[in-house]
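The structure appears below as structure tokens.
The values are calculated or read from the model by the stated rules, or taken from the named source; none is laboratory data. These numbers come from a predicted model, not from an experiment. Note that each Cβ is placed from the backbone with ideal geometry, even for glycine, and that neighbours are counted across all protein chains shown. Areas reflect the complete protein model, heavy atoms only, side chains present, ligands, DNA and RNA absent. Shrake-Rupley method; radii C 1.70, N 1.55, O 1.52, S 1.80 Å.
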Amino acid sequence: MAITVKDILSLKSAAGFIPIAGQNGLNSSVEMVDMLDFAWENKGTYSEDLFDRYSFVVSSLLFARDDEKKLYETLRRLIECGVSGLAYKTVFFQSLPREVCALADENNFPIFRFDDNITFREIIVDIEDAVRLNKDILKNANYLSEMISKNLSQDEITRYTIGISSMFNKYARVTMLSEIDLNSTGSVDNIIRRFRSADADYGRVALCKFMNGLAIIATMPDNNPLRFDFCVRRIISGYVCPTDATLISHSDIHLTGAGLATCVKESYYASIAAQVLEHGEISYNQIGTLQFLIPIINTPSLHEFMKRFLNPIFHDGEMMKTAIAFVRSDANYDSTAAKLNCHKNTIRYRVNKIHLLLAPDAAFETFYEALSISIKTLLIRQIHSIIF
């Protein structure tokens, strides 16, 4: 997915952009940047491929300084070529003719003006860097997805690891952040951009976009957990602005070269477990039976077991709500009562009833084991769109 005109507005060089027209087109894709002044042909006409589709154009509008009628025809041709937007420097024009703005509005073609405080070079470099970063973000996100969804060879894992960074240290741990509050950061891309441009650990630590969240790949020369904890906390506090809604999931520590795919899988499984168990922060070594349930969630026999076991209460909202809260509370009656705002004896009565409905001849421990596996299976399937 390419960057958009809206993404360009978050760049430092675009801070002074003033919207003129076509603001319904801010979600238009941008794949490159071009200069209009150098593209105008001697005869004042355009070739069919003068501008690439999805390019963002900057200009002083020099070509129209003696004939503003050229502006309308120029804009029409930019739109026909599939250009995504235009930013012009107020050298020859402060405002644009009404019919030009109307054409831009009709075609959702964003136009901005900016003054002499910023140069064309700064804008071009910023946009080109943003496009390159976006391609890198997509590449790394694809690497992480394949590490989770495929059984990669060691050569492939090594190639993907080096593709993310050739400066990684000996040991690695992956921390995934999901449900991030982006009100103050704008987007995950902005977080990654700020980290890359300012952080001294860039190269030894990588920030990667993954699904709707962020993966922090931290590497160290030793496997001291405290060093990993300090690194991740520093990055979260410095770049992410976490809230109580942010879910944080950690993998175990593994050798980087051979174990990065394992780190990615463990952190991803822990992120699913954080939602299933309603834990704001969790490590892979804390997720218990979910270590094996998550990877086999699409197994038909597991799905059938869940449906068959829960069938007697599946359409009873009160019983299902109680069963889910009981499993999430690890069979603790007090915690379940607090979750559901009920008396503990009420929860005890409901659990006994569920026991009788689902497994009347089984001991409580056997019943609870089957209930826990079934509820967790249901929640995994409901909460997350499994990518493997």
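Here is a yes/no grid of residues against (1) under 27 Å from residue 295 (Cα atoms); (2) assigned to a helix (DSSP H, G or I); (3) of a type in the set (Asp, Glu); (4) in contact with a Leu (Cβ under 8 Å, 6 or more places away or on another chain):
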position: 182; (1), (2), (3), (4): no, no, no, no
position: 214; (1), (2), (3), (4): yes, no, no, yes
position: 219; (1), (2), (3), (4): yes, no, no, no
position: 223; (1), (2), (3), (4): yes, no, no, no
position: 259; (1), (2), (3), (4): yes, yes, no, no
position: 266; (1), (2), (3), (4): yes, yes, yes, no
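If you check residue 159 against the conditions, is it under 24 Å from the mean Cα position of the chain (by Cα), at negative phi and charged (D, E, K, R)? Let's see the steps before the verdict.
Working: under 24 Å from the mean Cα position of the chain (by Cα): yes; at negative phi: yes; charged (D, E, K, R): yes.
Answer is yes for this residue.
Filtered by the rule that a residue be touching a helix residue (DSSP H, G or I) at 6+ places or on another chain (Cβ under 8 Å) and small (Gly, Ala, Ser), the range 216-256 gives 218, 249, 251. Number of residues in the range 272-324 that are open to solvent by 40 Å² or more (accessible area, probe 1.4 Å), among the small types (Gly, Ala, Ser) and part of a helix (DSSP H, G or I) equals 2.
Kindly indicate the residue of the range 225-256 that is part of a loop (DSSP other than H, G, I, E, B) and surrounded by 20 or more Cβ atoms within 10 Å (Cβ to Cβ) and also nearest to the chain's Cα centre (by Cα) among those meeting that condition. Step through it out loud before you land on a result.
Going through the range 225-256, the residues part of a loop (DSSP other than H, G, I, E, B) turn out to be 241-246, 251-253.
The next check asks that each one be surrounded by 20 or more Cβ atoms within 10 Å (Cβ to Cβ); those that pass are 251, 253.
Working: 251: 18, 253: 23 Å.
Among those residues, the one meeting the criterion is 251.
Being touching a residue at least 40 places away in the same chain (Cβ under 8 Å) and open to solvent by less than 20 Å² (accessible area, probe 1.4 Å) is a description that applies to residue 140.
Within the range 344-358, not a single residue is of a type outside the set (Asp, Glu) and either in contact (Cβ under 8 Å) with a residue 60 or more places away in the chain or part of a loop (DSSP other than H, G, I, E, B) (or both).
Just so you know, in the range 273-291 the residues that are polar (S, T, N, Q) and more than 19 Å from the chain's Cα centre (by Cα) include one that is nearest to residue 246 (Cα to Cα), and it is 283.
Regarding residue 105, is this residue assigned to a loop (DSSP other than H, G, I, E, B), open to solvent by 30 Å² or more (accessible area, probe 1.4 Å), within 22 Å of residue 14 (Cα to Cα) and not hydrophobic (A, V, I, L, M, F, W, C)? Spell out how you get there, then give the answer.
Numbers: assigned to a loop (DSSP other than H, G, I, E, B): no; open to solvent by 30 Å² or more (accessible area, probe 1.4 Å): yes; within 22 Å of residue 14 (Cα to Cα): yes; not hydrophobic (A, V, I, L, M, F, W, C): yes.
The answer is no for residue 105.
Picking from residues in the range 109-124 that are outside any strand (DSSP E or B) and open to solvent by less than 70 Å² (accessible area, probe 1.4 Å), the one that is nearest to residue 18 (Cα to Cα) is 110. Screening the candidates 151, 140, 108 for the property of being under 24 Å from residue 36 (Cα atoms) and not hydroxyl-bearing (Ser, Thr, Tyr) yields one hit, 108.
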